[in-house]
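The values are calculated or read from the model by the stated rules, or taken from the named source; none is laboratory data. Since the model is a prediction, treat every value here as computed from it, not as a measurement. As a convention, Cβ positions derive from the backbone with ideal geometry for all residues, glycine included, and neighbour counts pool all protein chains shown.
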Amino acid sequence: MLIRLTDTTTGQAINSQSVEFWKDGKQLLTRPRGDGNYIFVDMGRDNSLMKIIAPGYDPQEFLLDYETLDERMPSIDIFLIPSENNESVLTLSGKMRGLKQIEAVQLGKPVCSISEFNPKDNKLSLFLPNRQMNLEGGHYGILHGEKDYEHFIVKEQTNRTTVRLKEKLNDEVAVGNEIYRIVFGNVDSKGNYILRVRDTADKLRYLVRFQTDDKLKYRVYSFEGKEVFEEKT
């Protein structure tokens, strides 16, 4: 089993000898392999509840379901949220009935744009400002103005500027469409949510997506200083 840890606010790998992995109340031994990768051996293939405790991040629980993973090399990507004690983050919180997931993209900060789309092979060719970027395993959104975006996952980066997607795109894409990295929040069973972003500018604008069982809602928020304002449209 391989678990890859990523800071959801930056997209950077989390490498620490102090990360703890717990399964069914017992701490697991792991082999850190760099780039946020942690290898586990002889842990069985039973579905179970796991918990991750990493310095500087909120503890996170997730269900390990082997039926959804690759049989030969099961792996899972976990996106950790910085702790509220971190002075470099800003927080959006609240409660929404029936909420299942919250995520966002930072407006005005695309990581790349589309140069070509091959629907037959499910491949995107990209204009990459940084040709050394590794997008494999990442979650991204194709923005449609400031109205909404389509969430997709990169299954494989076949070369420096081409990626294969995990699933088919639902919407049409065009040359020049901008691609943004997804920032994940957390939702509890009662619909209480938390989304944190890095405090990197005087004014930060995010398109936030709220997902319930039957609908998606999008809202634009501005993070100014320590305050958060919902932009009315």
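Data overview
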read-out: Unmet requirement for Ala54, which otherwise passes all of (1) under 15 Å from Leu5 (Cα atoms); (2) more than 18 Å from the chain's Cα centre (by Cα); value: (2)
read-out: One residue from Ile102, Ile142 being surrounded by 15 or more Cβ atoms within 10 Å (Cβ to Cβ), farther than 17 Å from Thr8 by Cβ and either modelled with pLDDT of 95 or more or not assigned by TED's automatic domain parsing to the domain that holds Val173 (or both); value: Ile142
read-out: Options Arg33, Arg4: the member that is closer than 24 Å to Gln106 by Cβ, assigned to a strand (DSSP E or B) and of a type in the set (Lys, Arg); value: Arg4
read-out: Which listed residue, of Lys166, Lys155, is surrounded by fewer than 14 Cβ atoms within 10 Å (Cβ to Cβ) and either modelled with pLDDT under 95 or assigned by TED's automatic domain parsing to the domain that holds Leu99 (or both); value: Lys166
read-out: Single residue of the stretch 201-230 satisfying the filter (in a loop (DSSP other than H, G, I, E, B) and either assigned by TED's automatic domain parsing to the domain that holds Phe117 or touching a residue at least 40 places away in the same chain (Cβ under 8 Å) (or both)) that is surrounded by the most Cβ atoms within 10 Å (Cβ to Cβ); value: Thr212
read-out: Sole residue being surrounded by 12 or more Cβ atoms within 10 Å (Cβ to Cβ) and under 24 Å from Thr212 (Cα atoms), chosen from Pro110, Pro59, Pro74; value: Pro59
read-out: Within the stretch 1-35, considering residues that are of a type in the set (Gly, Ala, Ser) and either surrounded by 17 or more Cβ atoms within 10 Å (Cβ to Cβ) or modelled with pLDDT of 90 or more (or both), the one farthest from Pro82 (Cα to Cα); value: Ser18
read-out: In the stretch 178-189, the residues that are modelled with pLDDT of 95 or more and either of a type in the set (Gly, Ala, Ser) or part of a loop (DSSP other than H, G, I, E, B) (or both); value: Ile182, Gly185
read-out: Tyr66 being at pLDDT 90 or above, under 21 Å from the mean Cα position of the chain (by Cα) and either of a type outside the set (A, V, I, L, M, F, W, C) or not assigned by TED's automatic domain parsing to the domain that holds Lys203 (or both); value: no
read-out: Some residue of the stretch 36-50 being within 21 Å of the chain's Cα centre (by Cα), exposed (fewer than 15 other Cβ atoms within 10 Å of the Cβ) and in a loop (DSSP other than H, G, I, E, B); value: no
read-out: Selection from the stretch 105-122 of residues that are aliphatic (A, V, I, L, M) and under 18 Å from Thr8 (Cα atoms); value: Val105, Leu107, Val111
read-out: Candidate set: the stretch 127-139, residues that are crowded, with 16+ Cβ neighbours inside 10 Å and either in contact with an Asp or Glu (Cβ under 8 Å, 6 or more places away or on another chain) or modelled with pLDDT of 95 or more (or both); chosen: the one nearest to Arg181 (Cα to Cα); value: His139
read-out: Where Asp188 falls short, out of the listed (1) more than 25 Å from Phe62 (Cα to Cα); (2) surrounded by fewer than 19 Cβ atoms within 10 Å (Cβ to Cβ); (3) without any contact (Cβ under 8 Å) to a residue 40 or more places away in the chain; value: (1)
